[in-house]
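**Student:** This structure is in structure tokens; I'll ask about it shortly.
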Amino acid sequence: MSRETQADSSTGSVRRRLFLGGLVSTLSIGSLGTLGYATRSPAETLEVRVWLSEEAARYDGVDDRLLEYLDALLGYEYWQLELSYGGVVSASTEDGARVTINGEWPRILAAGALGTRDLDPAADVNLLVTDGQMTTAPTGFALPHVASVGGARYLATLPPFDDLETVLDDGSIHRVVENERPTRTIQILLHELGHALGLEHDHGVAFRNGDAVVATPMLSSYAWDPSYDGDRSRCGTVYPSTDDRERTLSLIFSGCAQRELEEYNGGFSL
């Protein structure tokens, strides 16, 4: 893992120009929903950069804990992870969803890519963590390559990653945690990061573990939402009944999601 704030390779520069072109094009037509991907081979490098809002940065160690978790959870064999901390960002709101929905975080990134703001966007995922509320949805939001989420005060209280329980399901290893505020917040963060990389809700799965049902990041709390329109993942895994079963969470993307990530090619089409 690299924790350098600046990336200066020629490949990274090309990918950032693609990022900038797509983002500026999107902002210029006043829409946040018309981004497209360039067709390329699967990415060999995944560049992820994390920023904290001013309020989020007040919590000691939250940046190190985030990098620890993301390093462990995104370190797949099919890419080289370049993970870094970008620093503190001043924004008009601490709301982890609104700061992207209203276009502010994408505009900050565009200004950084244009050189009019002291901020260097990453090619693949640009994640802003705020101290926004985590009780009423939406608590985070994502576009291709751009994500934001609240809950910094809870993320700062996460235990060391290696302390989490390991569970085996059909040959897949999961880090299973209780459905409590800090661990639910990190799963929501992974959920939005997954959206930024092109994953959808039905890339997630749920499975039984003893008397509990475990939901992976992309399905998340939809596993217990009776209004959710879906009974299986897009890879065909049927969701189990959750009646009278404990609700727990996995911080590992499902096999279905991981297969999609392996084909991730990144980049914006202009």
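**Student:** Residues of the range 233-254 being in contact (Cβ under 8 Å) with a residue 24 or more places away in the chain and touching an Asp or Glu at 6+ places or on another chain (Cβ under 8 Å), which ones?
**Tutor:** Scanning the range 233-254 gives Ser233, Arg234, Tyr239, Arg245, Glu246, Thr248, Leu249.
**Student:** What are the residues in the range 156-173 that are over 24 Å from Met134 (Cα atoms) and not in a loop (DSSP other than H, G, I, E, B), if any?
**Tutor:** The first filter runs over the range 156-173 and keeps only residues over 24 Å from Met134 (Cα atoms), leaving 162, 166-173.
Of everything in the range 156-173, those that are over 24 Å from Met134 (Cα atoms) and not in a loop (DSSP other than H, G, I, E, B) turn out to be Asp162, Thr166, Val167, Leu168, Asp169, Ser172, Ile173.
**Student:** Among the strands (runs of 3 or more DSSP E) lying completely within the range 174-256, list those that include at least 1 residues that are out of contact with any Leu (no Cβ under 9 Å at 6 or more places or on another chain), more than 22 Å from Gly96 (Cα to Cα) and aliphatic (A, V, I, L, M).
**Tutor:** Hits in the range 174-256: 212-215.
**Student:** Tell me which residues, restricted to the range 115-153, are assigned to a helix (DSSP H, G or I) and under 18 Å from Gly87 (Cβ atoms). Talk me through it step by step, then tell me what you get.
**Tutor:** Just the residues of the range 115-153 that are assigned to a helix (DSSP H, G or I), to begin with: 152-153.
If the condition is that a residue be assigned to a helix (DSSP H, G or I) and under 18 Å from Gly87 (Cβ atoms), then Ala152 is the only one that fits.
**Student:** Restricting attention to the range 211-231, and to residues there that are crowded, with 17+ Cβ neighbours inside 10 Å and of a type in the set (Gly, Ala, Ser), which single residue is nearest to the chain's Cα centre (by Cα)?
**Tutor:** Looking at residues that are crowded, with 17+ Cβ neighbours inside 10 Å and of a type in the set (Gly, Ala, Ser), I get Ser220.
**Student:** Still on this structure: With respect to His145, is the statement that it is of a type outside the set (A, V, I, L, M) and either free of Cβ contacts under 8 Å to residues at least 60 places away in the same chain or over 27 Å from Gly103 (Cα atoms) (or both) true?
**Tutor:** no
**Student:** Within the group Arg234, Arg247, which residue is in contact with a strand residue (DSSP E or B) (Cβ under 8 Å, 6 or more places away or on another chain), surrounded by 14 or more Cβ atoms within 10 Å (Cβ to Cβ) and at pLDDT 95 or above? First the steps, then the outcome.
**Tutor:** On the way: Arg234 fails: in contact with a strand residue (DSSP E or B) (Cβ under 8 Å, 6 or more places away or on another chain).
Sole residue among the options that is in contact with a strand residue (DSSP E or B) (Cβ under 8 Å, 6 or more places away or on another chain), surrounded by 14 or more Cβ atoms within 10 Å (Cβ to Cβ) and at pLDDT 95 or above: Arg247.
**Student:** Continuing with this model, one more query. Are there any helices (runs of 4 or more DSSP H) wholly within the range 1-110 with 2 or more residues that are modelled with pLDDT of 95 or more, and if so which?
**Tutor:** 62-73, 98-101
**Student:** Sticking with this one: Of the residues Gly86, Gly96, Gly75, which single one is over 24 Å from Asp118 (Cα atoms) and in contact with a strand residue (DSSP E or B) (Cβ under 7 Å, 6 or more places away or on another chain)?
**Tutor:** Step by step, each of Gly86, Gly96, Gly75 is checked, and only Gly75 is over 24 Å from Asp118 (Cα atoms) and in contact with a strand residue (DSSP E or B) (Cβ under 7 Å, 6 or more places away or on another chain).
**Student:** Picking from Thr139, Thr157, Thr130, which residue would you name as being among the β-branched types (Val, Ile, Thr) and under 20 Å from Phe253 (Cα atoms)?
**Tutor:** Thr139
**Student:** Something else: Which one of Pro226, Pro121, Pro182 is at pLDDT below 95 and of a type outside the set (A, V, I, L, M)?
**Tutor:** Of the residues listed, the single one that is at pLDDT below 95 and of a type outside the set (A, V, I, L, M) is Pro226.
**Student:** Please list, ordered by first then second residue, the pairs with beta carbon atoms under 7 Å, 6 or more apart or interchain, first in the range 57-78 and buried (at least 17 other Cβ atoms within 10 Å of the Cβ), second hydroxyl-bearing (Ser, Thr, Tyr).
**Tutor:** Asp63/Tyr85; Leu67/Tyr85
The values are calculated or read from the model by the stated rules, or taken from the named source; none is laboratory data. Since the structure is predicted, the reported quantities are computational estimates derived from the model, not experimental observations. For neighbour counting, all protein chains shown are included, and Cβ atoms are generated from backbone atoms with ideal geometry for every residue, glycine included.
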